[in-house]
Amino acid sequence: MTFQRARTEEQREIRRRAILDGASAMLDEMPVAAVTLNELSRRVGLAKPNVLRYFESREAVLLELLDLFLREWLAELAVELAAGVGEDLPMAERAAAVAEILSRSLAGRVVLCDLFGAQGSVLERNVSVEVVTRYKRGSLERLATMSGLLGKYLPELGEDATLVSLQTMVLAGALSAYSTPPPSLQAAYLAEPELGRFHMALADSLKMALTATLLGVLPR
């Protein structure tokens, strides 16, 4: 793909979209840590300085993708919760159903979990105050959306719905890194199964953690 110089707002938006699409495709092939600006530039057919006209850094690209993926996930989560949680069920059963849906849904979005894990330690560090402020404003809106969803099916959470929502994202990032071993570790597990005795799939580890979190926060 090659571009001529963007002269209109529509053309500039096309360039931005191409950069985001290119980064998204890379994340389907590799972890966040392996995504480089040089390779992204090559894939979208723009010189690196031209990519930097639209995004100030690799981290700025990935933060925007994180926000995009989070919005898409929350829209799907609303549908999944509506279909899978009976509002007339006892509190403990509703909590178990919510934990099951959250864990299954997040485990199916490995890239989103990888971005969650990189957010605080990597993505928010090589960006300007303007970029991180814009991102944080959006993330607070997403957090409010998720809190509203949890509060709808678990009104007993009260104000703790926000804390549980935040912890869910943090857990997804942390457990994703732990539950997705690199090729060398996978080979070690295959050679010596005992080494992987405590290794759990992401969906299973998330379900256990989120069930414990919800039942611990909910009133007894």
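Among the criteria (1) surrounded by 14 or more Cβ atoms within 10 Å (Cβ to Cβ); (2) farther than 25 Å from residue 139 by Cβ, the one residue 68 does not fulfil is (2). Can you confirm whether residue 216 is of a type in the set (Gly, Ala, Ser), open to solvent by 40 Å² or more (accessible area, probe 1.4 Å) and either assigned to a helix (DSSP H, G or I) or out of contact with any Pro (no Cβ under 7 Å at 6 or more places or on another chain) (or both)? The answer is yes for residue 216.
Within region 145-155, the set of residues being open to solvent by less than 70 Å² (accessible area, probe 1.4 Å) and either in contact with a strand residue (DSSP E or B) (Cβ under 9 Å, 6 or more places away or on another chain) or without any contact (Cβ under 8 Å) to a residue 24 or more places away in the chain (or both) comprises 147, 148, 151. Scanning region 58-96 for residues that are free of Cβ contacts under 8 Å to residues at least 40 places away in the same chain and over 16 Å from the mean Cα position of the chain (by Cα) yields 79, 80, 82, 83, 84, 86, 88, 89, 90, 93. With respect to residue 208, is the statement that it is without any contact (Cβ under 8 Å) to a residue 40 or more places away in the chain, open to solvent by 60 Å² or more (accessible area, probe 1.4 Å) and within 18 Å of residue 114 (Cβ to Cβ) true? It is false that residue 208 is without any contact (Cβ under 8 Å) to a residue 40 or more places away in the chain, open to solvent by 60 Å² or more (accessible area, probe 1.4 Å) and within 18 Å of residue 114 (Cβ to Cβ).
Yes or no, residue by residue, for (1) in contact with a Phe, Trp or Tyr (Cβ under 8 Å, 6 or more places away or on another chain); (2) at pLDDT 90 or above; (3) among the basic types (Lys, Arg):
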{"position": "19", "(1), (2), (3)": "yes, yes, no"}
{"position": "42", "(1), (2), (3)": "no, yes, yes"}
{"position": "64", "(1), (2), (3)": "yes, yes, no"}
{"position": "71", "(1), (2), (3)": "no, yes, yes"}
{"position": "80", "(1), (2), (3)": "no, yes, no"}
{"position": "86", "(1), (2), (3)": "no, yes, no"}
{"position": "98", "(1), (2), (3)": "yes, yes, no"}
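The criterion of at least 3 residues that are charged (D, E, K, R) and within 30 Å of residue 149 (Cβ to Cβ) is met by the following helices (runs of 4 or more DSSP H) wholly inside region 1-90: 9-27, 58-84. Inside region 101-144, residues that are in a helix (DSSP H, G or I), touching a residue at least 40 places away in the same chain (Cβ under 8 Å) and either aliphatic (A, V, I, L, M) or open to solvent by 60 Å² or more (accessible area, probe 1.4 Å) (or both) make up a count of 13. I'd like the full set of residues that are assigned to a helix (DSSP H, G or I), touching a helix residue (DSSP H, G or I) at 6+ places or on another chain (Cβ under 8 Å) and over 28 Å from residue 139 (Cα atoms), limited to region 186-205. Selection gives 188, 189, 195, 196. Scanning region 146-161 for residues that are assigned to a helix (DSSP H, G or I) and over 15 Å from the mean Cα position of the chain (by Cα) yields 147, 148, 149, 150, 151, 152, 153, 155, 156, 157, 160, 161.
The values are calculated or read from the model by the stated rules, or taken from the named source; none is laboratory data. All figures in this text were calculated on a predicted structure; none of them were measured in a lab. When we count neighbours, we look across all protein chains shown, and the Cβ atoms used for this are built from the backbone with ideal geometry, even at glycine. SASA here: full protein model, heavy atoms, side chains in, ligands and nucleic acids out. Shrake-Rupley method; radii C 1.70, N 1.55, O 1.52, S 1.80 Å.
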